[in-house]
Amino acid sequence: MTGLRVGQHVARQPVFLPKIVTCLRGYSRAHFLGDLSAGLTVGVVALPLALAFGIASIPEDVASEVGISPPAIGLITGVIAGLLISLLGGSRVSIGGPTGAFVGIVYVIAATHGYDGLLLATLMAGVFLILMGLAQLGGLIKYIPYPVTTGFTSGIAVVIAFGQFRDLLGLDTGPLPPHFVERVRLYAASIHSIDAATAAIGIGTIVGILVLRRFVSRRFPAPIVVILVATVIVHGLGLSVETVGGRFGALPSGFPAMHVPAIDWSRLPELVWPAMTIALLASIESLLCAVVADGMLGTRHRSNTELIAQGIANIASPLFGGIPATGAIARTATNVQAGGRTPIAGIIHALILLIVMLALGRYASMIPLASLAGILIVVAWNMAEFHSFRWLLTAPRSDAVVLLATFGLTVLVDLTVAVQVGMVLAALLFIKRMAEVTSVSAIRTDLIDDASDTELPASGKDEKAPPSGVEVYKIDGPFFFGAAFKLREALDTISRPPKILILDLSHVDVLDATGLHALEEIRLKAKTEGSRIILVGVHAHPLVAMTRAGILERFGSDAFVDSIEHAIEQSRVSLSGIPGTT
């Protein structure tokens, strides 16, 4: 016999249970070799991405003012967040680190609030993520509308791509402004300063990655191979192409000590929304990454554990000078394809980045910035979701409006505003759709639902029809704040107050406070006009709501009947003693 018996309880899993705890049961040498191979592969793939994301996320003037190295920040984030997300996360194979999704918002936060403001916002975001996990909100992320996620993801891709044109083409622009329109104007004014050698290296990087992925394999670490070739060409031919070391100096040869940033409590209110945006984006990206991994392996992640791990990682990362991090879909997919099956692969990937930082930093500083810009252009193209974007434009107009609004605000304003407006628009449009589902209709003559009753004689039909002075209205659908006005509008069409008003609620499964208030208004109005109200077929949920609100008692038990037939019968009895009625 399958299923649960009455009284049998399902054992609830703890809110925080890292996958590594269960994955290491029965762990074998074969498992380790697969994880080792995958960890090495992902570490190699993650290296140029960590450097590129660090450079793209921190404005140069901010970096020079506080004396930090943006490429080193990317590596630090990859090491710290990559290690903690794999060690404590709720997914078997998710790879954590800096991602393209954060580039735009991190750049704006750093430019607006400074480096200390960015670190503080990241710490706050980590706390928010832990609270979300402890509150078991991991399952709620799936309720974010698809047009919103597609809109801001595509918008982020555009922001990333436009942020790379200076290094890709060697434009003489100076530090880039944080906003899209200002960057476009600056590019237009500097288009004459394109450097041929830099543009050749940058465009060649893009072409090289696409060719290797097309004709070799998507699993092939194309970015690292192309970067090695570009670095050899630049230094072998003595090309005047700016490198990582040329702009930012040599990478640190040691790992930074932990440092708690100075907390200016007066700045916390202005950093709440940026922190909330980081937390929301990290939660969406990490859980989406875990879902993708589950689809590839047929496993199941622990969403709340994943959120808590993301929170811990985003608290630890700024303590060592890092930036926000989350699960990286492309690196996670590479991990799975390379044979990774447990969190050990992610831990090895983080250790590879640490070894590179400590032992090979001087070689990493020789990488041309144009090559890193080319890699980010490819990343932006892959995350742009153009197919989904075009498909949503053919969806219902309301979804297209949400998509375009979220996309446009992400590009032209910032991600914080885009997410807020996108969610509000989606919620309003959902309310409108739900309100359209609910209908309020008058039933004056034909109350016969059964087709066989249509053969009744005229006298039989007359007995089922409401007598004079009785109005019957049917509410079909959820009776909530978005639809309550429909009942008021319908009743306003009655020329004179009815002696008895019958409301058929047999098709109402949901009743909220506004719906309760509308019923109370109608009851008070009927009392003033000397009318009686009969409610038909009230379901359990609305009945409980009415009881808690005290409305059930005010209506009286005789106001509730099971069917319209009984309501008509009561109406006839009630009206029989009133002069002038039939």
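The values are calculated or read from the model by the stated rules, or taken from the named source; none is laboratory data. It should be emphasised that the depicted structure is a prediction, and the values quoted were computed from it without experimental measurement. Every residue, glycine among them, receives a Cβ derived from its backbone with ideal geometry; neighbour counts consider all protein chains shown.
From the list 398, 371, the lone residue that is in a helix (DSSP H, G or I), touching a Lys or Arg at 6+ places or on another chain (Cβ under 9 Å), surrounded by 14 or more Cβ atoms within 10 Å (Cβ to Cβ) and not basic (Lys, Arg) is 398.
Counting only helices (runs of 4 or more DSSP H) wholly contained in the stretch 96-173, the ones carrying 1 or more residues that are among the polar types (S, T, N, Q) occupy 103-134, 146-163. Sort out which residues of the stretch 191-209 are surrounded by 15 or more Cβ atoms within 10 Å (Cβ to Cβ) and within 38 Å of the chain's Cα centre (by Cα), and write them in order of number. Within the stretch 191-209, 198, 199, 200, 201, 202, 203, 204, 205, 206, 208, 209 meet the criteria.
Taking (1) in a loop (DSSP other than H, G, I, E, B); (2) β-branched (Val, Ile, Thr); (3) closer than 30 Å to residue 119 by Cβ in turn, residue 241 satisfies each apart from (3). Among all positions in the stretch 356-365, there is no residue which is of a type in the set (S, T, N, Q), assigned by TED's automatic domain parsing to the domain that holds residue 262 and part of a strand (DSSP E or B). For the stretch 392-439, residues that are acidic (Asp, Glu), under 21 Å from residue 160 (Cα atoms) and modelled with pLDDT of 85 or more total 0. Restricting attention to the stretch 309-331, which residues are among the β-branched types (Val, Ile, Thr), at pLDDT 95 or above and surrounded by fewer than 24 Cβ atoms within 10 Å (Cβ to Cβ)? Answer for the stretch 309-331, where residues must be among the β-branched types (Val, Ile, Thr), at pLDDT 95 or above and surrounded by fewer than 24 Cβ atoms within 10 Å (Cβ to Cβ): 312, 315. In the stretch 549-570, the residues that are in the same structural domain as residue 507 (by TED's automatic domain parsing) and under 14 Å from residue 472 (Cα atoms) form no Cβ pair under 7 Å with any partner that is surrounded by fewer than 18 Cβ atoms within 10 Å (Cβ to Cβ) and of a type in the set (Gly, Ala, Ser), whether six or more places apart or across chains. Residue count for the stretch 23-69 satisfying the condition of being among the acidic types (Asp, Glu) and buried (at least 24 other Cβ atoms within 10 Å of the Cβ): 1. Residue 75 - would you say it is over 29 Å from residue 266 (Cβ atoms), of a type outside the set (Phe, Trp, Tyr) and in the same structural domain as residue 303 (by TED's automatic domain parsing)? Considered against the rule, which asks whether it is over 29 Å from residue 266 (Cβ atoms), of a type outside the set (Phe, Trp, Tyr) and in the same structural domain as residue 303 (by TED's automatic domain parsing), residue 75 comes out as yes. Could we say that residue 135 is free of Cβ contacts under 8 Å to residues at least 60 places away in the same chain and buried (at least 24 other Cβ atoms within 10 Å of the Cβ) here? Considered against the rule, which asks whether it is free of Cβ contacts under 8 Å to residues at least 60 places away in the same chain and buried (at least 24 other Cβ atoms within 10 Å of the Cβ), residue 135 comes out as no.
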